[in-house]
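A quick write-up on the structure given underneath.
The values are calculated or read from the model by the stated rules, or taken from the named source; none is laboratory data. Small disclaimer: the values here were computed from a predicted structure and weren't measured. All Cβ positions, even for glycine, are placed from backbone atoms using ideal geometry, and neighbour counts span all protein chains on display.
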Protein chains: 2
Amino acid sequence: MNLKRLNEIMLPAIEEELKNQVARLNEPRTSPFYDMLTYHMGWTGAGAGKHATGKRIRPLMTLLACASFGASWQPALPAAAAIELAHNFSLAHDDVQDNSDLRRGRLTLWKIWGAPMAINAGDALFVLAQQAIEDLQKSYPPKVTLRAASIFNDVCLDLTRGQYLDMSYEKRNDLTVEDYRPMIGGKTSALLSACTQIGALLGGAKAAQQEAYRLFGYHLGMAFQIQDDILGVWGNEALTGKSAVSDLVEGKNTLPILYGVRRGGDFARRWQQGKVSAEEAGELARQLASEGAKIYAEESAAQETEQALLYLEKAKPQGEAGAALLELANALLGRAQ
Amino acid sequence: MNLKRLNEIMLPAIEEELKNQVARLNEPRTSPFYDMLTYHMGWTGAGAGKHATGKRIRPLMTLLACASFGASWQPALPAAAAIELAHNFSLAHDDVQDNSDLRRGRLTLWKIWGAPMAINAGDALFVLAQQAIEDLQKSYPPKVTLRAASIFNDVCLDLTRGQYLDMSYEKRNDLTVEDYRPMIGGKTSALLSACTQIGALLGGAKAAQQEAYRLFGYHLGMAFQIQDDILGVWGNEALTGKSAVSDLVEGKNTLPILYGVRRGGDFARRWQQGKVSAEEAGELARQLASEGAKIYAEESAAQETEQALLYLEKAKPQGEAGAALLELANALLGRAQ
């Protein structure tokens, strides 16, 4: 209820802020470059619209975190936009790195304009993210703006570390579930922890509350990613915009797959023999589930969510935004149900 | 004289600051990732050393600009490092985008670790650049730090615009010399203008002096790039670490080449017929020179340098650093002589 109401108010404001931030790139001589960014953000080109933009969960979480300390969320919009731009920067590069053809059911940037242009478009999104953070000066003291920038860039560095681990894991089949957390900590949790921590900072939260919010975002990110891993093996293409069973075919080291490897059963034997074809993937997914990997991953996601909610509670979020933040966390866990 | 003396003092300090900034990435689990960055910075791996690091002209210029207003240059080191890191970020991505095997005579990042890793290493360098800028807070008021960050990210956005134009020009053979400046303005001049403008800001210069320094750096960047274009057609491999005549073979739209196209003579006819082989390049370079392109480019570089020096003079640089800045500008123009 709270989430739906606030979502309806905040989402248009987020989209407007994002458009204003990206408009910095809109100059006559480089307009096709600008078009790449508006396509990637989901605003223009084939398949543009609500499905293409994604749910803007990160900026929403930033604003809700801010408002849950009783502060006005509008001045925090540049921070919300910065995090979403950084997320989109990482997606643009990720698609090149993973050789992915589709993102949210649409052709990826590099698939349309080529890898060199997509790398550059990603770079521009990251610069725009930095400029968005700097815009916080319009409403907050310089020291608060610099603190937000510091949190933001710390997690961006974590993001590159997580990406490094993810890519370095691709060629290995000796990994265990213990190798999973440092990767996801960087790839997914870091950015979500920035949403909640920066939101709390801008909401005027005390240091201990900011730290609790950081951990709330971190564990929520873990839960969110494990959920994504489950969809990556047993998911539904219509729901995710990615082809189902792709993680098996792509040889990704996701949590359920690493669990299966550790079990050392029929799944592990097949996995270690090398590349899985699209034809085999359905049967292999069933095998992996029968060895308990799906239940294990679901329980892990539930545990991370529980942790997240404990930290959220600890920081005593207030009012409608606080309730909405709790709703959002629950919705994220159950999004494929 | 002045330049040599200050260079000897400043260069080790720049190198130390760069190493401290890059060390943020040095964590046990991701140490091979850190190795990629130290290799790219010229500190480790095959061919490491003075030749591999490059001349650090940008950080040197930042510190000289700062000191030429009578201020101490040591507190400006994080800004100098930030600009050099951003330069190296752009080189890492540029090498992927251009498919270049060699950089300063060494294998490029992507050639050793693959394009996905090189993209990510470039991203990390850019985050480190942002963190370096934030370190200015240790010595300067928050507002000055935010102003430096704002100048820095404005030119980073210009950098992506210049890169877009450069790449979009590759497939075209209808360009004229007028299309050249917007591209180079972004690709090379922008970052050099940030060196001199941020240096002046941190040196306590007045607004008009900061603007004059910005234009000094901008025109110097133009001169520097045109010089590089001349080397790209008629240069010497031992001097540049790139293979000579590569710009003709790679079909780049550099200033002398665009001049030759506009002339519409024998060079233009051959150029518009398509790809130039390595065997043809020597003869085609001679043809291009005989049509006046080398003299035109040399005169353009000289004009840009003159402009640069006029702006430098206008801002009245002081003392040994001021004299060294003038020496550096002259050295940059004459570096291949």
Sort out which residues of region B:132-145 are facing chain A (nearest Cβ under 8 Å) and crowded, with 23+ Cβ neighbours inside 10 Å, and write them in order of number. B:THR145
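Could you list, in sequence order, the residues of region A:258-277 that are of a type in the set (A, V, I, L, M, F, W, C) and in contact with a Leu (Cβ under 9 Å, 6 or more places away or on another chain)?
A:LEU258, A:VAL261, A:PHE267, A:TRP271, A:VAL276
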Could you look through region B:5-43, keep only residues that are of a type in the set (Val, Ile, Thr) and surrounded by 15 or more Cβ atoms within 10 Å (Cβ to Cβ), and pick out the one that is modelled with the lowest pLDDT? B:THR30
Would you confirm whether any residue within region B:202-224 is in contact with a Lys or Arg (Cβ under 6 Å, 6 or more places away or on another chain) and either part of a loop (DSSP other than H, G, I, E, B) or crowded, with 21+ Cβ neighbours inside 10 Å (or both)? yes
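If you check B:GLN197 against the conditions, is it in a helix (DSSP H, G or I), more than 10 Å from every other protein chain (Cβ to nearest Cβ), more than 22 Å from B:SER100 (Cα to Cα) and not small (Gly, Ala, Ser)?
It is true that B:GLN197 is in a helix (DSSP H, G or I), more than 10 Å from every other protein chain (Cβ to nearest Cβ), more than 22 Å from B:SER100 (Cα to Cα) and not small (Gly, Ala, Ser).
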Just name the residue that is farthest from the other protein chains (Cβ to nearest Cβ) out of those in region B:163-188 that are within 26 Å of B:ILE133 (Cα to Cα) and at pLDDT below 95. B:THR188
Taking A:LEU192, is it at the interface with chain B (Cβ under 9 Å from one of its Cβ atoms), surrounded by 19 or more Cβ atoms within 10 Å (Cβ to Cβ) and in a helix (DSSP H, G or I)? no
Sort through A:ALA46, A:ALA65, A:ALA80 and tell me the only one that's among the small types (Gly, Ala, Ser) and either more than 19 Å from the chain's Cα centre (by Cα) or within 14 Å of chain B (Cβ to nearest Cβ) (or both). A:ALA46
Among the residues listed as A:ALA52, A:ALA71, A:ALA48, A:ALA76, the single one being buried (at least 24 other Cβ atoms within 10 Å of the Cβ) and either at pLDDT below 95 or not charged (D, E, K, R) (or both): A:ALA76
Residue list for region A:122-131, restricted to those being under 14 Å from B:ASP166 (Cβ atoms) and more than 7 Å from every other protein chain (Cβ to nearest Cβ): none
Quick count over region B:288-336, residues being farther than 21 Å from B:TYR180 by Cα and of a type outside the set (Lys, Arg), is 24
Checking A:LYS55, A:LYS4, A:LYS19 in turn, the sole residue that is in a loop (DSSP other than H, G, I, E, B) and either within 21 Å of A:ALA129 (Cβ to Cβ) or free of Cβ contacts under 8 Å to residues at least 12 places away in the same chain (or both) turns out to be A:LYS55
Based on this model, can you work out whether B:VAL96 counts as within 14 Å of chain A (Cβ to nearest Cβ), among the β-branched types (Val, Ile, Thr) and under 30 Å from B:PRO142 (Cα atoms)? no
Test each condition in (1) over 30 Å from A:LEU288 (Cβ atoms); (2) not in a loop (DSSP other than H, G, I, E, B) for A:TYR140 and report the one that comes out false. (2)
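For the structure I just gave you, tell me whether B:GLY185 is in a helix (DSSP H, G or I) and closer than 18 Å to B:SER150 by Cβ.
It is false that B:GLY185 is in a helix (DSSP H, G or I) and closer than 18 Å to B:SER150 by Cβ.
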Of everything in region B:307-321, what is in a helix (DSSP H, G or I) and either touching a helix residue (DSSP H, G or I) at 6+ places or on another chain (Cβ under 8 Å) or surrounded by 21 or more Cβ atoms within 10 Å (Cβ to Cβ) (or both)? Give them in sequence order. B:GLN307, B:ALA308, B:LEU309, B:TYR311, B:LEU312, B:LYS314, B:GLY319, B:GLU320, B:ALA321
Restricting attention to region B:91-109, and to residues there that are in contact with an Asp or Glu (Cβ under 8 Å, 6 or more places away or on another chain) and surrounded by fewer than 24 Cβ atoms within 10 Å (Cβ to Cβ), which single residue is nearest to A:GLY186 (Cα to Cα)? B:THR108
With the checklist (1) assigned to a helix (DSSP H, G or I); (2) out of contact with any helix residue (DSSP H, G or I) (no Cβ under 7 Å at 6 or more places or on another chain); (3) in contact (Cβ under 8 Å) with a residue 12 or more places away in the chain; (4) of a type in the set (A, V, I, L, M, F, W, C) in hand, flag the one item A:ALA46 doesn't pass. (1)
Looking at (1) within 14 Å of another protein chain (Cβ to nearest Cβ); (2) surrounded by fewer than 24 Cβ atoms within 10 Å (Cβ to Cβ), find the lone condition where B:LEU85 falls short. (2)
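Can you find, within region A:272-302, the residue that is farthest from A:LEU63 (Cα to Cα) among those that are of a type outside the set (A, V, I, L, M) and touching a residue at least 60 places away in the same chain (Cβ under 8 Å)?
Restricting to residues being of a type outside the set (A, V, I, L, M) and touching a residue at least 60 places away in the same chain (Cβ under 8 Å), the top hit is A:GLN272.
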